[in-house]
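The values are calculated or read from the model by the stated rules, or taken from the named source; none is laboratory data. Worth saying up front: this structure is predicted, and the values here are computed from it rather than measured. Glycine gets a Cβ as well: all are built from the backbone with ideal geometry, and neighbour counts include every protein chain shown. Side chains are part of the model used for accessible areas, which takes the heavy atoms of the whole protein and leaves out ligands, DNA and RNA. Shrake-Rupley method; radii C 1.70, N 1.55, O 1.52, S 1.80 Å.
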Amino acid sequence: MVLNLHFPTNLHQTLGISCRLSVASPLNHRYNVGDLIPLFVNKVGPLSNPSETYQYYELPFCRPDPLVQKKATLGEALNGDRLTGALHVMRFREDKHLVTLCEKKLNGAEVSLFRDAIRNDFYFQMYCDDLPVWGFVGKVDEQSWILDKQGPKYYLFTHIQFDASFNRNQIVEVNAFSDPNHVIDITDDVELDVRFTYSIFWNETSAEYGNRMNKYSWASLLPISQKIHWFSFLNSVAIIILLMGLLTLLFMRRLKNDLRKSSGGDGEDEREVVWKYLHGDVFRCPPNLPLFSAVLGVGTQLLIMLCSLFLLSSLRILYPYNRGTLFTSIILIYSLTSVVSGYTSASFYCQFNENGWEKSVILSGILYLGPSLVIVSILNIVAISNGTTAALPFGTIRVLFMIYTFISLPLLAFGGIIGYRLRSEFQAPCATKRIVRDIPPLAWFRKLPCQMFISGLLSFSAVVLELHHLYASMWGFKIFTLPSTLFITFIILIILTAILSVGLTYIQLSVEDHQWWWRSVFSGGSTAIFMFGYCIYFYARLNMNGFLQLCFFVGYNACICYAFFLMLGVVSFRVALIFVRRIYDAVKSE
């Protein structure tokens, strides 16, 4: 039985000082004939539940004595990888045929354990020269159920065939095949004598070593996938063109007329420009200034972090399937960009008030990280109670705590101090009145919930197809989405958010509602609410099951959508602020 999957999982990397060294070594992935190839077993788990993974030797496979577990990096630990030494012996360019791994007697409990794994479609994962290989534990014969009506037969694969390709002194590709001709019936709970074997065959290839990772993204290049991506892209472009056309025809023409009337000196025309009379309130300090400043700080930080990840992907430092490196990059970039969060929140707060900026900086430190920490702690408790590899080891928790304490917090405070030292007064085009102008009663379709629904739905509809591919990559077992496609989709989302922010802010000012600060944030971030709703719909359509998988799916998606809420909210506010400044700069206010 051939397993040909493209899992979006971590590729463990043990890079040497230089990959161009002439000396053969596993550190630079160069070998001489007969050199031992590093081979590790990693984990097993049900195909339908990507978060439910267990250590390889929790199933009664042949195991070395003693077990030697490789020291995991931060990213590997966060990804749930637990690399352990294997009994399989692989030497460079040395073929092996039906080598006995071990002979063991399986008791009834072990047979039942294997049968439950086969019933749940368990796969196993190994790493050979830092290349992931997968195979199934066994197979279910449904035909026997039809023939004898006694239920399906369960067969355990006892033989693995490794096909390795090399180019000169480097390994380019490794595949694992679970041979259906070497099976044993484990339908009944009886003791069985099992002989586990493996074979290794080497083949020379002209493929370059530098391109050996490309095969894990081939699923993105299938014709059907290309058509879907193009359809998604064209759909997004069409929505942008329609919105820009609508904005140009209705909004810009109306705005130009307003500006013409305001500058014409005709009193009757000026009375039609309703938003002109808000000049004394439109730049009033937003309510709950420390929290608003913190939202701007964290949203800007997350936006820079996401752009940095796209940059690393374009430089081929990050791969879509390399989850361990991705997690490490997220942790480090988030910590290093804490200085941006502190600076942005403190500098914005000090534009209105020189005292109390420390509160905004403190809120920046806990606004996103606080809820995320609560969610991750709950998920970690669930993982520990289920005995999965998703549970974070104590050493990993300690490393994360040290990174936050000695890197993130000092940079956050440093950024806040710099923002305070370089503070400047908020420069408003119009003077703010001391008495707050009353806001007239608004119709239901002009209130915040309706604006959030319109803004969120339009932006979400433009990226929903690509969002489906992203969820399929995150929670499925194929790479449907390339970083370049994701980046284009993200740019489209930013443009849509900006366009809608300008339009909705103008509509709000036109009905004499001058409290646009917070409303622009919620309107822009509302797309994340639709994203979270779609992830629930996506989960309902999959074959995922179990409390653990449900918790991880909802928990991690909640953290992702919350981050998008903050990022898009900041984009919406910044664009709305530029727009409001421009129109009141152009008005001859009294």
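The residues of segment 35-212 expose on average 44 square angstrom of accessible surface per residue, using a 1.4 Å probe on protein heavy atoms. Between segment 393-471 and segment 274-293, the C-alpha centres lie 16 angstrom from each other. Simple spin-label estimate for residue 168 and residue 120 gives 4.6 nm between the two label positions (7 Å along the Cα-to-Cβ direction from each Cα). Gain on full extension, evaluated as 0.36 nm per residue between residue 234 and residue 285 minus their Cα-Cα distance, stands at 14.3 nm. FRET efficiency for the pair residue 195 and residue 554, taken as 1/(1 + (r/R0)^6) with r the Cβ-Cβ distance and R0 = 51 Å, rounds to 0.70. Here each label is just a point 7 Å from Cα along the line to Cβ, and for residue 417 and residue 99 those points are 5.9 nm apart. Between residue 112 and residue 433, residue separation times 0.36 nm minus the direct Cα-Cα distance comes to 107.8 nm. 3J(HN,Hα) along segment 75-88, derived from phi through the Karplus expression 6.51 cos²θ - 1.76 cosθ + 1.60 where θ = phi - 60°, amounts to x, 5, 5, 5, 7, x, 7, 9, 6, 9, x, 10, 6, 5 Hz, with x in place of Gly and Pro. A 1.4 Å probe run over the protein chains yields, for segment 288-433, 48 Å² of accessible area per residue, whole-number rounding. As a calculated quantity, the FRET efficiency between residue 511 and residue 377 at R0 = 30 Å, using C-beta atoms, amounts to about 0.10. Couplings 3J(HN,Hα) of segment 456-466, computed from phi: x, 5, 5, 5, 5, 5, 7, 10, 5, 5, 5 Hz, in residue order, whole Hz [Karplus 6.51 cos²θ - 1.76 cosθ + 1.60, θ = phi - 60°; x for Gly and Pro]. For segment 35-212, relative contact order (Cα pairs under 8 Å, six or more residues apart, normalised by length) works out to 25 percent.
If you average the alpha carbon positions of segment 553-578 and of segment 345-385, how far apart do those two centres end up, in angstrom? If we compute the Cα centre of each part, the gap is 15 Å.
The HN-Hα couplings worked out from phi for segment 325-335 by the Karplus form 6.51 cos²θ - 1.76 cosθ + 1.60 (θ = phi - 60°) are 5, 4, 4, 4, 5, 4, 4, 5, 5, 4, 5 Hz, whole numbers, x standing for Gly and Pro. Residues of segment 499-520 with the amide nitrogen closer than 15 Å to a label point 7 Å from the Cα of residue 582, along Cα-to-Cβ, please. Counting only backbone N, you get 499-507.
Excluding residues on the same chain fewer than 8 positions from residue 43, give the aspartates and glutamates whose Cα lies under 15 Å from its Cα. Correct list for residue 43: 52, 58, 76, 81, 121, 130.
Per-peptide packing, taken as the mean over residues of other Cβ atoms within 10 Å, places 37-49, 164-176, 564-576 in the sequence 564-576, 37-49, 164-176 from highest down.
Here residue 521 sits with roughly 0 square angstrom of accessible surface, probe radius 1.4 Å. Solvent exposure of residue 529, expressed as accessible area, is near 100 Å², computed with a probe of 1.4 Å over the protein chains only. Counting protein heavy atoms only, segment 288-433 has 70 percent of its accessible area on carbon and sulfur, 1.4 angstrom probe. Here segment 425-564 is treated with +1 on each Lys and Arg Cβ and -1 on each Asp and Glu Cβ, and its dipole about the Cα centre works out to around 140 debye.
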